[in-house]
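Down below is the structure, laid out as structure tokens.
The values are calculated or read from the model by the stated rules, or taken from the named source; none is laboratory data. This one's a predicted model, so the numbers in the text were calculated from it and none came from an experiment. Cβ: placed from backbone, ideal geometry, glycine included. Neighbour counts: every protein chain shown. Just so you know, the surface numbers come from the protein's heavy atoms only, side chains and all, with ligands and any DNA or RNA stripped out. Shrake-Rupley method; radii C 1.70, N 1.55, O 1.52, S 1.80 Å.
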Amino acid sequence: MHSIQLVLNTKAELGEGPSWDSRRKVLYWVDITRQKLHLYNPTDKAHTTFDTGQYIGSVVPRKLGGIVMTLKHGFYAYEFETKNMELIGTVELDKPNNRFNDGKCDAAGRFWAGTMGHDSRPNVGALYCLDTDWSIKKVLDNIGISNGIAWNPDNSIMYYIDSLTNKVMAYDYDLTTATISNPRVAVSIPHSFAFPDGMTSDEEGMLWVAIWNGSAVTRWNPKTGKLLETVHVPATRTTSCVFGGDDLQDLYITSARIGLEEKILAKEPYAGGLFVVNTKVRGLPTYAFGG
Ligand code: CA
């Protein structure tokens, strides 16, 4: 593995949710609390941002073109060329203190995304699945902070992080019906690593988990629960990661500045930045929304 590099010192307040668009060869990510969508093209180094006017939790490419985002309470399709924003569906309009957090598409093009309370209280959130016909089903209830979602290479297992549990859960996954079953603990993250945030997976079936307050992305074997590798990130609040680039060997890493004391920020000039590290293993792709 090569050493980690700073890509952009965006000083995001709550940089999150990186997503690789293999068709346009660009990286998307979000700054949740500053309500911004970020776009970066590694080929020409162009960086652009869009104000979303609401908290933005996650972003994915869309097969029809453009992107789909989760804003505070809804899934929205957006076209860059026409600037057309279309509401796909909403959740939890009766819970003004909740918002969407992390989300990702499965290999069949469904958009999975979960919610959390603004004050990070346990059990107030849920996990949803937006199908390609635009129907939304609630899949899990009593979630604290809905975060990383990933699948194994043959899509027979879904992995999921509720950060307040300090665990990565595994579920048997039926890709034809989007059904999860047989929950079990895949990885128990030690409390010294507080706490697991965003997650992605690689072609060997291993999990890459960003550690909030841990200055690291960690690679785990979900079959044994063992830690395999640690990538040190010069940002205490490391939030998420995704594989990008033509060979899916560029691991892009997001970070946050929110809530850090001035004395920590003084030592972390790149907190809130976007980082990249080249890996030996290839990542699994970011899937686009299929509806
Ligand atoms: Ca997160």
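Please verify whether ILE211 is in contact with a Ser or Thr (Cβ under 9 Å, 6 or more places away or on another chain), at pLDDT 95 or above and over 25 Å from LEU6 (Cα atoms), treating the condition exactly as stated. Walk me through how you get there before you give the answer.
Numbers: in contact with a Ser or Thr (Cβ under 9 Å, 6 or more places away or on another chain): yes; at pLDDT 95 or above: yes; over 25 Å from LEU6 (Cα atoms): no.
No: the conditions fail for ILE211.
Counting only residues that are buried (at least 17 other Cβ atoms within 10 Å of the Cβ) and more than 13 Å from the ligand (Cβ to nearest atom), how many does region 20-36 have?
Number of matching residues: 8.
Within 19 Å of the chain's Cα centre (by Cα), modelled with pLDDT of 95 or more and over 18 Å from TYR28 (Cα atoms): is that true of ARG184 in this structure? Outline the logic, then answer.
Details: within 19 Å of the chain's Cα centre (by Cα): no; modelled with pLDDT of 95 or more: yes; over 18 Å from TYR28 (Cα atoms): yes.
In short, no.
Per-residue answers, yes or no, for (1) buried (at least 21 other Cβ atoms within 10 Å of the Cβ); (2) touching a Gly at 6+ places or on another chain (Cβ under 6 Å); (3) within 19 Å of PRO18 (Cα to Cα):
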| site | (1), (2), (3) |
| --- | --- |
| GLY144 | no, no, no |
| ILE149 | yes, no, yes |
| ASP172 | no, no, no |
| SER181 | no, no, no |
| ARG184 | no, no, no |
| PHE193 | no, yes, no |
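Under 7 Å by Cβ, and 6 or more places apart or on different chains, what pairs join a residue from region 261-276 that is open to solvent by 80 Å² or more (accessible area, probe 1.4 Å) with one that is of a type in the set (A, V, I, L, M, F, W, C)?
Qualifying pairs under 7 Å: TYR270/LEU6; TYR270/ALA235.
Table: residues versus (1) of a type in the set (Ser, Thr, Tyr); (2) more than 23 Å from MET158 (Cα to Cα); (3) modelled with pLDDT under 95.
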| residue | (1), (2), (3) |
| --- | --- |
| VAL30 | no, yes, no |
| GLN35 | no, yes, no |
| HIS38 | no, yes, no |
| ASP44 | no, yes, no |
| GLY57 | no, no, no |
| VAL60 | no, no, no |
| TYR76 | yes, yes, no |
| VAL91 | no, no, no |
| ARG110 | no, no, no |
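Can you pull out every residue in region 235-253 that is within 19 Å of the chain's Cα centre (by Cα), away from the ligand (no atom under 14 Å from the Cβ) and at negative phi?
Of region 235-253, the ones within 19 Å of the chain's Cα centre (by Cα) are 235-245, 248-253.
Now drop any that are not away from the ligand (no atom under 14 Å from the Cβ), which leaves 236, 243-245, 248-252.
Answer for region 235-253, where residues must be within 19 Å of the chain's Cα centre (by Cα), away from the ligand (no atom under 14 Å from the Cβ) and at negative phi: THR236, PHE243, GLY244, GLN249, ASP250, LEU251, TYR252.
Mind listing just one residue for me: the one in region 202-228 that is within 16 Å of the ligand (Cβ to nearest atom) and among the hydroxyl-bearing types (Ser, Thr, Tyr) and, of those, least open to solvent (accessible area, probe 1.4 Å)?
The initial filter retains those residues of region 202-228 that are within 16 Å of the ligand (Cβ to nearest atom), namely 207-218.
Filter once more, keeping what is among the hydroxyl-bearing types (Ser, Thr, Tyr): 215, 218.
Values: SER215: 22, THR218: 1 Å².
Within region 202-228, the match that is least open to solvent (accessible area, probe 1.4 Å) is THR218.
Results for (1) farther than 20 Å from VAL59 by Cβ; (2) within 16 Å of the ligand (Cβ to nearest atom); (3) in a strand (DSSP E or B); (4) more than 20 Å from the chain's Cα centre (by Cα), shown as yes or no for each residue.
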| site | (1), (2), (3), (4) |
| --- | --- |
| PHE80 | no, no, no, yes |
| ASN101 | no, yes, yes, no |
| GLY114 | no, yes, yes, no |
| VAL139 | yes, no, yes, no |
| SER146 | no, yes, yes, no |
| ALA194 | yes, yes, no, no |
